[in-house]
Amino acid sequence: MTAAVENIERVRLKALVDRIVRLEEEKKNLADDIKEVYTEAECNGYSKKALRVVAKLYASVDKLVDYNEMTKIIELYKTEVGLE
């Protein structure tokens, strides 16, 4: 490898590492923000555990073709593992 190519690869690698570090920091900040929202909800009398489940379900509704079908499957799984 020539010195010019090695330098280009070094610059490219540093740029990738810089992006990863920046994104990891953003991810940490978002996680902190989410934690604050759950704490706020808990202070207002809401269950954090229940909110996590509802938020996950709510986020997945857009991705599902048939929400009722998913609900039926969840009920079946709950019955199968003895939750109902």
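The values are calculated or read from the model by the stated rules, or taken from the named source; none is laboratory data. Treat the numbers as computed from the prediction; the structure is a model and nothing was measured. FYI the Cβ positions are ideal-geometry reconstructions off the backbone, even for glycines, and counts take in every protein chain you see.
Among what's in the range 3-19 and is at pLDDT 85 or above and small (Gly, Ala, Ser), pick the residue that is surrounded by the most Cβ atoms within 10 Å (Cβ to Cβ). Give the steps one after another, and end with the answer.
The initial filter retains those residues of the range 3-19 that are at pLDDT 85 or above, namely 3, 6-19.
Of the ones still in play, those that are also small (Gly, Ala, Ser) are 3, 15.
Values: 3: 7, 15: 10.
Of everything passing the filter in the range 3-19, 15 is surrounded by the most Cβ atoms within 10 Å (Cβ to Cβ).
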### Message
Taking the conditions exactly as written (surrounded by fewer than 10 Cβ atoms within 10 Å (Cβ to Cβ), modelled with pLDDT of 95 or more and not in a helix (DSSP H, G or I)), does residue 45 satisfy them or not?
### Response
yes
